[in-house]
Structures are given as structure tokens and as C-alpha cells.
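S.K.: Input: one structure, supplied below.
The values are calculated or read from the model by the stated rules, or taken from the named source; none is laboratory data. Bear in mind that the values here come from a model prediction, so they are computed numbers and not experimental data. Ideal geometry is used to build each Cβ from the backbone, glycine not excepted, and the neighbour counts take in all protein chains shown.
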Amino acid sequence: MGKHIIEEASRCLQCKKPLCSKGCPLGTPINKMIELLLAGEMREAGAMLFENNPLSVVCSLICPHENFCEGHCILGRKSSPVQCSSIENYISSYYLAQYTPPQPPEKKKARVAVIGSGPAGITVAFILALKGYRVTVFESEEKIGGVLQYGIPAFRLPKDILEKLRQVLLQLGVKIRPNMLIGPVVSLDDLLRDGYEAIFIGTGVWNPRPLRLKGETLGHVHYAINYLKNPDVYELGERVAVIGAGNVAMDVARTALRKGAREVTVLYRRGPEDMSATKYEYEYARLDGVRFDFYRAPVELTEGGVVCMDTVKETDEEGNSRLVTVEGSEKLFEADSVFIAVSQAPRSNLTGIEIGRTGLVITDEDGRTTREGIFASGDVVTGARTVAEAVRCSKTSAQAIMDYLDGI
């Protein structure tokens, strides 16, 4: 591993205007990271990455690097790009394994509640704790991580990374309350009553979006996001169908194969060029043995599987294309279990702030909600995005929280 990292780092051209950093939502200083590594200053490189992105070690594993840093590397135009992700992971893992909290600043009196411990919540908790604020994280599940813990399989993101992040948060004085869903019992008003001067909401999107098709409540039909929380409690049978073609659909399909399904097929109403899953996730799914059946639109779910209709693209005189179903093409795709993986929406358990029509929290560009002292960012504001994008907007929200607390 070390030799590979050195060889990759040595390929970096140290561009004066690094496109790799421009392609990263967080502007990760990749050229500086590589320069420090090759100079033997790996701890300094790790500290720089951690300061820029507390979830650097996570992003190095699960970001769509082909769209971000590596996709913008100038070497990729004629050959293969520098594997920035592997280098970042090597440095970040080393740094986190030896992490020692800095000399803590004088503790500030302000107490902040962070609701949700996914990428957004963890980012805000780290930034505020390092600045000396008293932070309490409220997590509805038993472990921290949110989508990182319960929505991404361990073969993509080892869970010991999240445990290490939890330990570092505790070292920084962050209090963590697991199994605590804010809303049904404890409200935002209760938190304000108990002396929290600011509240951050980073609860993600956990309600699966239904298809509203006949048969959706049958016992062998499951929602993808629910399955990923604990795949071991499901009995799927040998043939599995997955409706949808995003990264969650790829995760479910690959997990089902690992849990014993003999045949897993993704059903998608469009073609491969329209999939929302990244190219790499699609390719890895195919390598694992996942099958794909394109231009198939589900119209009904039955005990025997999914009734689908063929779809085709039609183009009008102005060149606009649309997808239409082919009359009389109904056919049963046989399956023992069916997964629905067509996006998620936020839970509707919080009151006292303005929520949009789709259930997303309404904020300004800095994460301020419509109620003073309450902030939000990440997927609960934007809908499902990448971890890097959640970290980026949460850094902005953390600064807005500190500005607010300094002004009261």
C-alpha cells in the first residue's frame, strides 16, 4: 500500500492552478497534501485535511471521485488521473489513528444542540467543539453516523472509522445522547428551555419515497433505505428485483448478493446513460454480478414479482425527448423479493420551523432557518447529496452559528 501511495503521489504535476482542488466541493488542497506527504510531513498533511474537512477519511472512500478531484486531474486527459482518493485515505487514516486533541480553548458558556449525527451533524459538532462550545449531539439510533452508519454498506465504508470519529468527539468534550429522536417526546422548545442557545438540525432524509403502486404493501416488498439499516433481519429468497438506479439501489443490490441472494436484477425505466448512480458504483455492481434490465417501468407489484411495461424515448419536432410506455407490453418479472429505491424524504417529526412542500427544511444560504437560533444543513435542506457537499454547507452553517452566538 505504501509503495503504491508514493508512486501515485510522485505522479502529481503540482499544478499552479490545481484543477483537482477546483473539482472538489470542499476545495481540498490536494497538491499541498501531496507535497507534505512526499516531504515526510504526513502528520501536518493529515492536520490540514482534518481542518478542511473533519470527514476527510470518509470522503476519501465514498466520494464520487471520478466527478470531483480525480475527474478534474489534468493527467486524466491523456492517461489515468492521480488517485487522490487513495492518497487522502492513507494520510487521513494515519492522522485519525494518532489523533490527539489540541490544547482546548477556554470553554465558552454557549451550549449548542446538534440534532442528528450524520455527515452534517458530525461536521458541525467537530467545528464547534474545537472552538470551545459545549455541544450535545442527539442521535435517534444507537450509533452515530446517520447515513454513514445505516445507509452505506460496510464493504464500502468500514464502521470502525465511525467508532474512531465517535471517540474523537468524546475526547473533545462532546456529549452524545443515542436513541433520542427529537420531536415526538422532546421538542425544539424543550431544548431552548434547557439552555441551548443554538440548535443545529442535520437529520438527513430517512423516509423512503413510495411508488404508490398496487401491491406495495405486500410482505415481500421492501424499501431500500430500511433494508440497509440491518440487512440480516430480512429473508429475501433467491431472486431479487431492485426498482431504481441510484447509488442506494446499487448498495442494496450488492448487499443482497452478499447476503445470499442467487440473482439480483435492477429494473430501470430509462437507459444506463440516465442512471443517477455513479459510473464506478454501476461498474462495481456489474462486477459483483448484479444484472440490469433497462427500459422497464414497473406498473404493479404482485406476489410473483414486478409487472413491468417496456419504455421507449420519443422525440418531438423541436428535439425534446420524453419517455413513454409501450402499450400491450406488460410482462411479469419474477422475483421472491422486491426493493423500492427511488429516493428519500425527511421525517416530519420537527415542529416550530418552516418546512417546504417536499418536507425539506427552509433555510437561507448560510443555514439559518425561519426561527432565530435554529440552523440546518445537509440532506434535510438540499435533499440527498454527496457527503462532501453536506460537509461544505455544514461548515458554512457552523460559522453562522458562531456568528450568532457571538452576537447575543
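S.K.: Considering only region 143-152, I want to know if a residue exists there that is in contact (Cβ under 8 Å) with a residue 60 or more places away in the chain, within 20 Å of R392 (Cβ to Cβ) and of a type outside the set (A, V, I, L, M, F, W, C). Can you show your working first?
M.R.: Keep residues of region 143-152 that are in contact (Cβ under 8 Å) with a residue 60 or more places away in the chain, which gives 147-148, 150-152.
Filter again for within 20 Å of R392 (Cβ to Cβ), leaving 147-148, 151-152.
From what's left, of a type outside the set (A, V, I, L, M, F, W, C): 151.
Yes - at least one qualifying residue is present in region 143-152.
S.K.: Considering only residues that are in contact with a Lys or Arg (Cβ under 7 Å, 6 or more places away or on another chain) and among the hydroxyl-bearing types (S, T, Y), look in region 296-335 and name the one that is modelled with the lowest pLDDT.
M.R.: Within region 296-335, the match that is modelled with the lowest pLDDT is S321.
S.K.: Please verify whether E51 is surrounded by fewer than 20 Cβ atoms within 10 Å (Cβ to Cβ) and in a loop (DSSP other than H, G, I, E, B), treating the condition exactly as stated. Talk me through it step by step, then tell me what you get.
M.R.: On the way: surrounded by fewer than 20 Cβ atoms within 10 Å (Cβ to Cβ): yes; in a loop (DSSP other than H, G, I, E, B): no.
Taking the combined requirement at face value, the residue does not satisfy it.
S.K.: Within region 204-227, how many residues are over 17 Å from D336 (Cβ atoms), among the aliphatic types (A, V, I, L, M) and surrounded by 20 or more Cβ atoms within 10 Å (Cβ to Cβ)?
M.R.: 2
S.K.: Just to check your reading of the model, which residue among E41, E66, E88 is of a type outside the set (A, V, I, L, M, F, W, C), within 21 Å of H4 (Cβ to Cβ) and more than 19 Å from the chain's Cα centre (by Cα)?
M.R.: Values: E66 fails: more than 19 Å from the chain's Cα centre (by Cα); E88 fails: more than 19 Å from the chain's Cα centre (by Cα).
Only one candidate passes the filter, namely E41.
S.K.: Here's something else I'd like to know. Tell me the residue from A398, A341 that is closer than 21 Å to P210 by Cα and in contact (Cβ under 8 Å) with a residue 40 or more places away in the chain, please.
M.R.: A341
S.K.: For region 164-196, give me each residue that is more than 30 Å from V58 (Cα to Cα) and outside any helix (DSSP H, G or I).
M.R.: Across region 164-196, the qualifying residues are P184, V185, V186, S187, D194, G195.
S.K.: Considering only residues of region 275-328 that are among the aromatic types (F, W, Y) and assigned to a strand (DSSP E or B), which is surrounded by the fewest Cβ atoms within 10 Å (Cβ to Cβ)? Break it down stepwise before answering.
M.R.: Our first condition is that a residue be among the aromatic types (F, W, Y); within region 275-328, this holds for 280, 282, 284, 292, 294-295.
Among the residues that remain, those that are also assigned to a strand (DSSP E or B) are: 292, 294.
Numbers: F292: 18, F294: 16.
Ranking the qualifying residues of region 275-328, first place goes to F294.
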